[in-house]
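Engineer: Have a look at this one before I ask anything.
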Amino acid sequence: MKNINFKIAACIMTLLLFSFCAGAQYKSFILSPKGDTLNVVDKNNLKQGRWVISVVELRGEPGYDEEGYFKDDKKTGPWRKYNSTGDILAVENYKAGGKEGVQEYFTFLGDLIRHEEWKGYDPERPYDTIAVYGQGNNEVSSYKIVKAEQYSVPNGVWKYYAPGEKFIKAETYDHGRLIKADNNTAIVAKKPADVTGEVGKTKEILEYEKKYSKKKRKQMEREGKTSL
């Protein structure tokens, strides 16, 4: 019995020590039921690491949950969005806070309804090469090098689908400029792989919501309080 009590006390002391060290590094954070650090705000008021965010219903717009990573207050990598019943709504990809690469949006049944391709600002590339189009047509007349600025624009192929993933149309963009539009109702979309590895929300979101009510989560995020 003494040995068991010692182990329990050691676990409690380890958790308290972890919280104290993290608290010295972070301005605020929360712990998931498994002890993972979430929703970190560092001492410079910048969001860092994995975040789980709940957005409440507002003016008729349905609420949703989203999860992903922040780096220096900017979204980075894949972000997943779910509705209130756990159905995945979107998988968006970010770089330096802007959309970058493929973005996909789904119905509550999991059918793909829109595939987008975006180009975002790359802080490691101070200059960018863009096409110059001729007057009144979409023919490229030349290219020019410009100083890169913070942006995120449609760039590549966008595809639209009706319920059941039946292809409606495709659009091709070049740095935000629509250069081609095609319709072909004979094409059927290929169903994407399950991006979560399971139906519904990921384990982090399920654990987070199991421990904290929606009201409590909003209060904690607003006040920047920690939870053990």
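Engineer: Taking segment 66-88 only, how many residues are farther than 22 Å from GLY101 by Cβ and not small (Gly, Ala, Ser)?
Structural biologist: Number of matching residues: 3.
Engineer: Something else now. Considering only segment 164-184, state which residues are in contact (Cβ under 8 Å) with a residue 40 or more places away in the chain and over 11 Å from ARG114 (Cα atoms).
Structural biologist: Result: GLY164, TYR173, ASP174, HIS175, ARG177, ILE179, LYS180.
Engineer: If you don't mind, there's one more thing I want to ask. With the structure loaded, tell me whether GLY200 is open to solvent by less than 40 Å² (accessible area, probe 1.4 Å), modelled with pLDDT under 85 and within 30 Å of LEU38 (Cβ to Cβ) or whether it fails that test.
Structural biologist: Criteria met by GLY200.
Engineer: So, in segment 70-99, of the ones that are in contact with a Phe, Trp or Tyr (Cβ under 7 Å, 6 or more places away or on another chain) and among the aliphatic types (A, V, I, L, M), which residue ends up least open to solvent (accessible area, probe 1.4 Å)?
Structural biologist: Selected residue: ALA90.
Engineer: Could you check ASN183 against (1) modelled with pLDDT of 60 or more; (2) under 17 Å from THR107 (Cα atoms) and say which number it fails?
Structural biologist: Every condition holds for ASN183 apart from (2).
Engineer: Got a sec? Which of LYS47, LYS34 is in contact with a strand residue (DSSP E or B) (Cβ under 6 Å, 6 or more places away or on another chain) and either closer than 25 Å to LEU206 by Cα or modelled with pLDDT of 90 or more (or both)?
Structural biologist: None of the other options fit; the residue is LYS47.
Engineer: Also, quick follow-up: When segment 76-103 is examined, which residues are found to be on the phi > 0 side of the Ramachandran plot and modelled with pLDDT of 95 or more?
Structural biologist: GLY77, GLY101 - these are the residues of segment 76-103 that are on the phi > 0 side of the Ramachandran plot and modelled with pLDDT of 95 or more.
Engineer: Any residue in segment 61-69 that is in contact (Cβ under 8 Å) with a residue 60 or more places away in the chain, of a type in the set (Asp, Glu), under 29 Å from PRO163 (Cβ atoms) and open to solvent by less than 30 Å² (accessible area, probe 1.4 Å)?
Structural biologist: Yes, segment 61-69 contains at least one residue that is in contact (Cβ under 8 Å) with a residue 60 or more places away in the chain, of a type in the set (Asp, Glu), under 29 Å from PRO163 (Cβ atoms) and open to solvent by less than 30 Å² (accessible area, probe 1.4 Å).
Engineer: Whether any residue in segment 137-160 is more than 24 Å from the chain's Cα centre (by Cα), modelled with pLDDT under 75 and open to solvent by less than 60 Å² (accessible area, probe 1.4 Å) is what I want to check.
Structural biologist: Yes - at least one qualifying residue is present in segment 137-160.
The values are calculated or read from the model by the stated rules, or taken from the named source; none is laboratory data. All of these numbers come straight from a predicted model, not from anything done at the bench. Glycine also receives a Cβ, built like all others from the backbone with ideal geometry; neighbour counts cover every protein chain displayed. Each accessible area value is taken on the protein alone, full model and side chains, heavy atoms only, with ligands, DNA and RNA left out. Shrake-Rupley method; radii C 1.70, N 1.55, O 1.52, S 1.80 Å.
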